[in-house]
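Here is the structure we will look at.
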Amino acid sequence: EYTSSRIRTRFKGDWKYGRFDIRAKMPRGKGIWPAIWMLPTDSVYGGWPNSGEIDIMELLGHEPNKVHGTLHYGDPAKRHDYKGTNYSLATRTFADDFHVFRLDWAPDAMRWYVDEHLYQTQTNWHTTTKEFPAPFDQRFHLILNLAVGGNWPGNPDPTTVFPQALSIDYVSVYRRNGTSTP
């Protein structure tokens with residue numbers, strides 16, 4: 001009854017470290033789940049979640065003023081572990097205007113921003129798949145998607161208005177001068 005879609009950069013844009021700026025306007029509504037995220041290109045440490053996942057931005061359509069930034073990785077005891085937080089707008093929603101979602105990814109830290117406001121820094125994630133900074137020491141690719149339904153947001157309900165769109169103005173990726181990493 002519904003269609004979800006995504007765009008992946010795998011083997012067309014793969015990066016190890018850098019700055020990722022995505023200017024986007026979010027959809028809203030129960031069961032609507034836009035995300036800007038990264039998966040490993042080569043899965044050096046094994047299947048998900050052992051080789052990691054970087055969520056630059058996730059939004060649950062029924063909470064249109066809040067976005068989430070999360071790292072996922074493997075943990076032998078629990079199989080899957082994750083760490084992250086969220087950022088909320090004081091007024092309005094992410095569906096009202098375009099916003100810049102930014103991730104700064106360095107070998108020893110990741111930093112999440114919304115419109116230049118730093119809202120989270122992660123260092124020394126505690127994966128036991130490999131020693132820190134694994135699994136985030138390999139190439140990752142971008143995924144931009146809009147899902148309809150799913151375990152986290154649930155399904156749309158009669159209040160959800162269709163059609164919906166995740167509008168992307170631009171995606172910019174930067175690397176530090178002097179680095180040879182793509």
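In the context of the full set of protein chains, residues of the chain present 51 Å² of accessible surface per residue (probe radius 1.4 Å, heavy atoms only).
For the peptides 26-35, 59-68, 146-155, 97-106, the ranking by packing is 26-35, 59-68, 97-106, 146-155, with the highest mean count of neighbouring Cβ atoms within 10 Å listed first.
Here the spin labels are modelled as points 7 Å beyond Cα on the Cα-Cβ line, and at residue 89 and residue 117 they lie 1.0 nm apart. Each peptide in 43-54, 84-95 receives the mean, over its residues, of other Cβ atoms within 10 Å, and ordering these scores from highest gives 43-54, 84-95.
Each label was represented as a point 7 Å from its Cα along the Cα-to-Cβ direction; for residue 97 and residue 169 these points are 0.9 nm apart. The equivalent ellipsoid that matches the C-alpha gyration tensor of the range 37-182 spans semi-axes of 28, 19, 14 angstrom, in descending order. Quick check: the distance between the Cα centres of the range 51-128 and the range 6-20, to the nearest angstrom? Cα centres, the range 51-128 to the range 6-20: 17 Å. Distance between the pseudo-spin-label points of residue 82 and residue 176 (7 Å out from Cα toward the beta carbon): 2.9 nm.
Can you pull the percent of the chain's accessible area that's carbon plus sulfur, 1.4 Å probe, other chains left in place? The C+S portion of the solvent-accessible surface of the chain is 48 percent.
Across the range 59-143, the convex hull enclosing all Cα atoms gives 115 Å³ per residue.
The values are calculated or read from the model by the stated rules, or taken from the named source; none is laboratory data. Just so it is clear, the structure is predicted and the values come from calculations on it, not from any experiment. Quick reminder, even Gly has a Cβ in these numbers, built from the backbone with ideal geometry, and neighbours come from all protein chains shown. These accessible areas exclude ligands, DNA and RNA; they are computed on the full protein's heavy atoms, side chains included. Shrake-Rupley method; radii C 1.70, N 1.55, O 1.52, S 1.80 Å.
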